[in-house]
Amino acid sequence: MSLKMKSHHSVAVILNERLAVKQRANKFILLTKGRLLTMLLLWIMLIACLSFCIYNKMEADNMVRRKEFLVSMCDQRARMLQDQFSVSVNHVHALTILVSTFHFYKNPSAIDQETFAQYTASTAFERPLMSGVAYAHRVMHSNRETFEKKQGWIIKTMNRDPSPVKDEYAPVIFSQETISYIESIDMMSGEEDRENIFRARATGKAVFTSPFRLLGSHHLGVVLTFPVYNSKLPADATVEERIKATAGYLGGAFDVESLVENLLGQLAGKQAVVVNVYDVTNSSDPLIMYGPQYPDGDMSLLHVSMLDFGDPFRKHEMRCRYLQHPPTPWMAINSSIGFFVIFLLVGYIFYGAGIHIVKIEEDFRKMQELKVRAEAADIAKSQFLATVSHEIRTPMNGVLGMLAMLLDTDLDSNQRGYAQTAQACGKALITLINEVLDRAKIEAGKLELDAVPFDLRSILDDVLSLFSGKSRDKGIELAVFVSDKVPEVLVGDPGRFRQVITNLVGNSVKFTEHGHIFVQVHLAENTIPLMDEKAEACIKRTPDGLEVISGGSRFNTLSGFEAADDRNSWKNFKLLISNEELQFDNLDNVTLMVSVEDTGVGIPLPAQQQVFTPFMQADSSTSRNYGGTGIGLSISKCLVELMGGKINFISRPHIGSTFTFTAALQRCERAALNDLKRPLSEPLPTGFKGMKAIVVDGKPVRGIVTRYHLQRLGLLVELTSSIKVARSAVSKQNGCSRPGNGKQLDVVLIEKDSWMFTEDNALPEWLLELKQSGHNVEQLKMILLATSITNAESVKAKAAGFSDTIVKPLRASMVAVCLQQVLGIGSRRRQGKEFPNGSAYLHSILSGKNILVVDDNRVNRIVAAGALKKFGAKVECTESGKGALALLHLPHKFDACFMDIQMPEMDGFEATRLIRQMEKKVNEQMKNGGSAGKAEFHIPILAMTADVFQATYQECLKCGMDGYVSKPFEEENLYQAVAKFFENEPISDS
């Protein structure tokens, strides 16, 4: 009970610790997720700001380039306009010099209106920007009247009215034909015009008027005025000298609108830029010279280029702006958006990676939690199974023990049958429990294999013996064949190997109603097929020339029924036998190939994929019709894999199944064999060596199986397919009575099929022939081999001369007993219940031994004491650990102790620890007291419990126990567990 409480407490502690770790991990995970999200948001804000900065930078760069382009275009237009003005001004200046030279320096004047008009018309192409030129003569008021009479017209104002009285006048006397309408108009009639003329004669340079609407075209324009001097003036002439020398004025009208329009027309992209030309002499009120009064277009960019037309008083400028608003900055937008998206993805990738790592960490934590829960569930399951095992095995131990003791008493046939049935049911229940526990141990990874020497052939004989009754009842052939190349003794786990074979053969017996079950064991390397020709040469004839092969059955199998796996056909079987003559390297490792072939119902195709799944059967009717839990094959697969092999199968519905598995074992060294204190199995009799036998069997596979068992006993065996062939073969030998190597023919074994389907007089005629040839027919024994035989067939066999009948399955020990009885050699086995493997040996060493049994269950004490007393042991029982301590107080009389584990007050573990401490203390006192030569005290203590888990076994060894016996224990296991502690003592003759 204390063990259970400790286990439950440890599970709770583990769960609480792991759950606390889980809570801390969950907090860390949530905190990490929050930090990652905050970092992602900060990252988004950062790249958004950077993207905005990139957009602004690219937009600013675009504006700079746009501004530079506008400046370039505006300056280019300003330069061109200025150059055009300069050219025109130069032409007007040249015309001024011409007028001064030819009008005033010559007398009479060489220029008149007609000449001036012609000349200016012919040179107009040199002044494309001017609408026309004219010459205005300076007339003083005193000379007005004379001048008007001479010209034939009066001086007029711009409005065509007679000019009022003034100090002086400047009427137009010569004009270009295009502006002839201004003739007689006083150029000084306007105040601004008057000031411009005065400024022109005072400076001697060109002077421009402010913009105004030109007569005729109504375009905006300006008038350029040059003074005309009547004498040559020095460069440094004074203003008075210039005024005095002034004779008139030459003026030209510039059509600024047409000028700029023509200029822009010569330039590409004129529509891209809006141009305005202003007179900014009065900066507060600039006068427009070209362009719309209220310009449209892109008002965000404006560039001003100054214009120098040669008049220092007048200031002009050109203002340029784009006609269209700037285009949408897609490059900047796309670049900033691309930058934002790319680095957003980068951030999200890192965020996703972080979340993924956190998710992995979270999943890892969950898996750890699930692992903790699974471990706790596994521990709970193990505890549950251990408890259930203990609770079931404890009463079953009493039931089976009492039944065994009951069967040793005098019972009538009905009572014995009832007891045996109850015993079989109990063992079946224990087998089921063992299978479930084995599966639990395999799942927990706690199943460990032994590595001890064992006799493979003896194990197979035991398995056949286990199922012999069922096979006889069904009338099916049950046989085993082991290759001669397989060593006699191997090292491995015999119990688990037996368990796999038992599961496979048990399934075959369960699902087979006719035909055969055939177990074969070969070396894996021998299964490599050789050439058919060599196999035929090795098998077809024996050294004596007797024919072996026969085609008498439909299928050359053990029973003549078709098998599922063609690889186990007679042809391949011959190959395997032929390979036995080949030599292979004598390696320490041995890989066995074991096959179990049956001709049962087979496995349906849909169910074949789940054959090795625990608790799965072909269909729901399987359990009802055949029984079982569906766990045996699953356990077998796990055990085979633990043995380093693989298991597979071939099954055909309504044909049968063949299961094949491999197992990696080791050869047993001779030194290890010599060290064995007792034989691994009961030795076979050796009195048959050198005897001669003939086997008559129409089925070659079955005949070889019979030969295999006889050769194990040392007989020389020859095979024939029929009595007729055997008779013919013996007759051909020298002397007709000594076939083969001249040895006396001792026994003839005839298969029931070969005898039943032979002519009735064939066997008597052969015996008569042997008698006439001098053969002692009374010494020649004939044995009938049969799978099953009726009473009538038995009587007929005795009448035909058969000495005995061997009912299959064949086992070497059974064949030996029959031959001893028939041939009258050796000692017969004792009648009644025989001791199992080596039990006689155990009986001799247990006789007289004092054994203490400690168990709180009265039934268990009775069963254990009865089993031990049966073989001469002196048994004393106690019901508690404290009682065991009292009885084992040194010195004591006991040779061994069986200790139950779970007991009230003091369990078996605690009792064993105290016993070992007591022995250790006494042994130390003996050493210190000078009794070093005396044997130390150490009583063998064996755990006796219904808990069969590895953890319990480890705990047993840890507390000082020497062995382990699980409940319900079989007598053999119980004896063997005790006997190994007495093997060094001499065996009594009793």
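Here are some notes:
- Reported count of residues in segment 879-935, each being closer than 19 Å to GLU955 by Cα, in contact with a Phe, Trp or Tyr (Cβ under 7 Å, 6 or more places away or on another chain) and at pLDDT 90 or above, is 0.
- When segment 131-150 is filtered for residues that are open to solvent by 60 Å² or more (accessible area, probe 1.4 Å) and of a type in the set (S, T, N, Q), the ones remaining, listed by number, are SER142, ASN143, THR146.
- Of the residues in segment 279-288, at least one is of a type in the set (Asp, Glu) and open to solvent by less than 20 Å² (accessible area, probe 1.4 Å).
- Screening ILE154 on (1) over 17 Å from ASP112 (Cβ atoms); (2) aliphatic (A, V, I, L, M); (3) touching a residue at least 40 places away in the same chain (Cβ under 8 Å) shows it passes everything except condition (3).
Residues checked against (1) open to solvent by less than 50 Å² (accessible area, probe 1.4 Å); (2) touching a His at 6+ places or on another chain (Cβ under 6 Å); (3) of a type in the set (A, V, I, L, M, F, W, C):
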| residue | (1), (2), (3) |
| --- | --- |
| GLY352 | yes, no, no |
| ARG365 | no, no, no |
| ARG373 | no, no, no |
| ILE379 | no, no, yes |
| LYS441 | yes, no, no |
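- Selected residue (criterion: least open to solvent (accessible area, probe 1.4 Å)) from residues of segment 289-303 that are touching a strand residue (DSSP E or B) at 6+ places or on another chain (Cβ under 9 Å) and either closer than 19 Å to GLN84 by Cβ or aromatic (Phe, Trp, Tyr) (or both): MET289
- None of PRO809, PRO836 is modelled with pLDDT of 85 or more and within 60 Å of the chain's Cα centre (by Cα) except PRO809.
- Hits in segment 433-482 (condition: under 30 Å from THR706 (Cα atoms), of a type outside the set (A, V, I, L, M, F, W, C) and in a helix (DSSP H, G or I)): ARG457, SER458, ASP461, ASP462, SER465, SER468, GLY469, LYS470, SER471, ARG472, ASP473, LYS474
- Here the helices (runs of 4 or more DSSP H) wholly within segment 837-905 that include at least 3 residues being within 28 Å of GLU936 (Cα to Cα) and out of contact with any strand residue (DSSP E or B) (no Cβ under 7 Å at 6 or more places or on another chain) are 839-846, 881-887.
- MET158 vs. criteria buried (at least 22 other Cβ atoms within 10 Å of the Cβ) and modelled with pLDDT under 90: no
- Here GLU195 fulfils each of the conditions (1) open to solvent by 10 Å² or more (accessible area, probe 1.4 Å); (2) within 26 Å of VAL87 (Cβ to Cβ) apart from (2).
- Taking the criterion of being more than 15 Å from ASP493 (Cβ to Cβ), surrounded by 19 or more Cβ atoms within 10 Å (Cβ to Cβ) and within 32 Å of the chain's Cα centre (by Cα), the residues of segment 428-439 that qualify are LEU437, ARG439.
- Options LEU46, LEU42, LEU19, LEU37; residue that is at pLDDT below 90, closer than 19 Å to GLY352 by Cα and loosely packed, with under 14 Cβ neighbours inside 10 Å: LEU37
- Among the residues of segment 311-318, not a single one is more than 30 Å from HIS218 (Cα to Cα), surrounded by fewer than 17 Cβ atoms within 10 Å (Cβ to Cβ) and among the hydrophobic types (A, V, I, L, M, F, W, C).
- Counting only strands (runs of 3 or more DSSP E) wholly contained in segment 245-344, the ones carrying 1 or more residues that are touching an Asp or Glu at 6+ places or on another chain (Cβ under 7 Å) and not charged (D, E, K, R) occupy 273-279, 287-290, 303-307, 316-322.
- For the residues TYR169, TYR105, the requirement of being open to solvent by 70 Å² or more (accessible area, probe 1.4 Å), of a type in the set (Ser, Thr, Tyr), assigned by the TED database to the domain that holds VAL277 and on the phi < 0 side of the Ramachandran plot singles out TYR105.
- Note on segment 107-220: enclosed helices (runs of 4 or more DSSP H) holding 2 or more residues that are more than 18 Å from TYR249 (Cβ to Cβ) are 113-122, 144-151.
Residue-wise test of (1) in contact with a Ser or Thr (Cβ under 7 Å, 6 or more places away or on another chain); (2) open to solvent by 10 Å² or more (accessible area, probe 1.4 Å); (3) modelled with pLDDT of 80 or more.
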| residue | (1), (2), (3) |
| --- | --- |
| LEU385 | no, yes, no |
| VAL399 | no, yes, yes |
| ASP461 | yes, yes, yes |
| ASP484 | no, yes, yes |
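- Taken as a whole, segment 861-874 holds at least one residue that is surrounded by fewer than 22 Cβ atoms within 10 Å (Cβ to Cβ) and at positive phi.
- Taken together, ILE528, ILE577, ILE539 contain a single residue that is among the β-branched types (Val, Ile, Thr), modelled with pLDDT under 60, more than 19 Å from VAL505 (Cα to Cα) and surrounded by 14 or more Cβ atoms within 10 Å (Cβ to Cβ), which is ILE539.
- Pairs are defined by a Cβ separation below 6 Å, a sequence spacing of at least 6 or placement on different chains, a first member in segment 182-205 that is more than 14 Å from ALA134 (Cα to Cα), and a second member that is open to solvent by 40 Å² or more (accessible area, probe 1.4 Å) and assigned to a helix (DSSP H, G or I); the pairs so defined are ARG201/ILE243; ALA202/VAL239.
- The one condition in (1) assigned to a helix (DSSP H, G or I); (2) farther than 30 Å from LYS27 by Cβ; (3) in contact (Cβ under 8 Å) with a residue 40 or more places away in the chain that GLY354 fails to fulfil: (2)
- Per-region count, segment 445-459, residues farther than 30 Å from ALA786 by Cα and either open to solvent by 30 Å² or more (accessible area, probe 1.4 Å) or modelled with pLDDT of 85 or more (or both): 9
- Within segment 407-427, residues that are assigned by the TED database to the domain that holds ASN397 and under 18 Å from ALA867 (Cβ atoms) reach partners that are in a loop (DSSP other than H, G, I, E, B) and hydrophobic (A, V, I, L, M, F, W, C) with beta carbons closer than 7 Å, at six or more positions or on different chains, in the pairs ALA419/LEU411.
The values are calculated or read from the model by the stated rules, or taken from the named source; none is laboratory data. A quick note: this is a predicted structure, and the numbers were derived from the prediction, not measured. FYI the Cβ positions are ideal-geometry reconstructions off the backbone, even for glycines, and counts take in every protein chain you see. In case anyone asks, the SASA skips ligands and DNA or RNA and just uses the protein heavy atoms, side chains included. Shrake-Rupley method; radii C 1.70, N 1.55, O 1.52, S 1.80 Å.
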